[in-house]
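Undergrad: Have a look at the structure that comes next, please.
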Amino acid sequence: EDQVTQSPEALRLQEGESSSLNCSYTVSGLRGLFWYRQDPGKGPEFLFTLYSAGEEKEKERLKATLTKKESFLHITAPKPEDSATYLCAVQARGGSQGNLIFGKGTKLSVKP
Amino acid sequence: DGGITQSPKYLFRKEGQNVTLSCEQNLNHDAMYWYRQDPGQGLRLIYYSQIVNDFQKGDIAEGYSVSREKKESFPLTVTSAQKNPTAFYLCASTDRGKLFFGSGTQLSVL
């Protein structure tokens, strides 16, 4: 069964304290792995797509990496405005483009 | 500005009542999706449509219905058969594999 597991469930950081979020997946053929950011009461906002092991993408303080079994979202010197829930999702081969399998998310809190 | 508009923001359903959630997009995307989000759970796919007048069931379609009469619109009806409708409902469309979401509708039971 295709599955996505995110850890930790919640993470509290001090401003400037770098850390990483983990997304482990089992899927019958990976077409893509996606990271989203979700603020309370709002829809998820697209961050990154990764397609193959070894691929990396960066955006401001965020960097996403991918291996054959997991993905990491590295947050460098976070600021309070980075506080949100970060969602990981995978698209399996054979599924339609928007038919993604989502993890439960990691809730990040960054204190000043 | 292009985007996905969901309405209403908050909706309340009485016992035995059907309610309809609106989703409109002006991104000219062919495919549209409805996801349900429960606290502490991953998003789950309810229905999707890849083209006008066609749609497919997702993982949790029971108790829901949809229509796709126009490319821009993909309304979701939560029927009285859905016994646990309280959730945050998200509409989305895709462009080159990326899902773009609306701002969501919070449905609660009175």
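Undergrad: Got a sec to turn the phi values of segment B:90-96 into Karplus ³J(HN,Hα) couplings, 6.51 cos²θ - 1.76 cosθ + 1.60 with θ = phi - 60°, whole Hz, x for Gly and Pro?
TA: 10, 9, 8, 9, 10, 9, 6
Undergrad: State the Cα centre-to-centre distance between segment B:1-60 and segment A:1-64 in whole Å.
TA: So the two Cα centres are separated by 23 Å.
Undergrad: What GluC sites (Glu not before Pro) in segment B:22-103 are in a loop by DSSP, with at most 15 other Cβ atoms within 10 Å of the Cβ? Before the final figure, lay out each step's value.
TA: Working: sites: B:GLU24, B:GLU62, B:GLU69, B:GLU72; in loops: B:GLU62, B:GLU69, B:GLU72.
Sparse-neighbourhood loop GluC sites (Glu not before Pro): B:GLU62, B:GLU69.
Undergrad: Quick one: which bits of segment A:63-95 get at least 30 Å² less accessible when the partner protein chains are in, versus the chain alone, with a 1.4 Å probe?
TA: Listed in order, there is nothing to give; none.
Undergrad: Also, I was wondering about something else. With N set to the residue count of the protein assembly as shown, report its C-alpha Rg divided by 2.2 N^0.38 Å to two decimal places.
TA: The reported ratio for this selection is 1.02.
Undergrad: What total accessible surface area, summed over both chains, is buried at the interface between chains B and A, computed with a 1.4 Å probe and given in Å² to the nearest 100?
TA: 1600 Å²
Undergrad: If you take the beta carbon distance between A:THR26 and B:GLN50 as r and set R0 to 22 Å, what does 1/(1 + (r/R0)^6) give as a FRET efficiency, to the nearest 0.05? List each step's numbers first, then the result.
TA: Details: r = 26 Å, r/R0 = 1.19.
That gives a FRET efficiency of 0.25.
Undergrad: Per-residue HN-Hα couplings for segment B:45-53, Karplus 6.51 cos²θ - 1.76 cosθ + 1.60 at θ = phi - 60°, whole Hz, x for Gly and Pro?
TA: 7, 9, 8, 8, 9, 9, 7, 4, 6
Undergrad: Which residues make up the longest stretch of chain A clear of trypsin sites (Lys or Arg not before Pro) that lie in a DSSP loop with no more than 16 other Cβ atoms within 10 Å, not counting the sites? Display every interim value, and only then the final one.
TA: Values: sites that count: A:LYS42, A:ARG61, A:LYS68, A:LYS69, A:ARG93.
For trypsin sites (Lys or Arg not before Pro) (loop position, at most 16 other Cβ atoms within 10 Å), the longest site-free span of chain A is A:1-41.
Undergrad: Could I ask something else about it? What whole-number value in Å² describes the accessible area per residue of the protein assembly as shown for a 1.4 Å probe?
TA: On the way: 11010 Å² over 222 residues.
Each residue of the protein assembly as shown exposes 50 Å² on average to a 1.4 Å probe.
Undergrad: With both partners inside chain B, how many of the DSSP beta bridges are antiparallel, as a percent to the nearest 5?
TA: So the antiparallel bridges amount to about 90 percent of the total.
Undergrad: Could you work out what % of the accessible surface of chain A is carbon and sulfur, using a 1.4 angstrom probe and leaving DNA, RNA and ligands out of the count?
TA: 46 percent
Undergrad: Okay, next question. Roughly what % antiparallel, to the nearest 5, for the DSSP beta bridges in chain A?
TA: Given both bridge residues lie in chain A, the antiparallel proportion sits at roughly 90 percent.
The values are calculated or read from the model by the stated rules, or taken from the named source; none is laboratory data. This structure is a prediction, so every number in the text was calculated from the model and none was measured. Cβ atoms come from the backbone with ideal geometry, glycine included; neighbour counts cover every protein chain shown. SASA here: full protein model, heavy atoms, side chains in, ligands and nucleic acids out. Shrake-Rupley method; radii C 1.70, N 1.55, O 1.52, S 1.80 Å.
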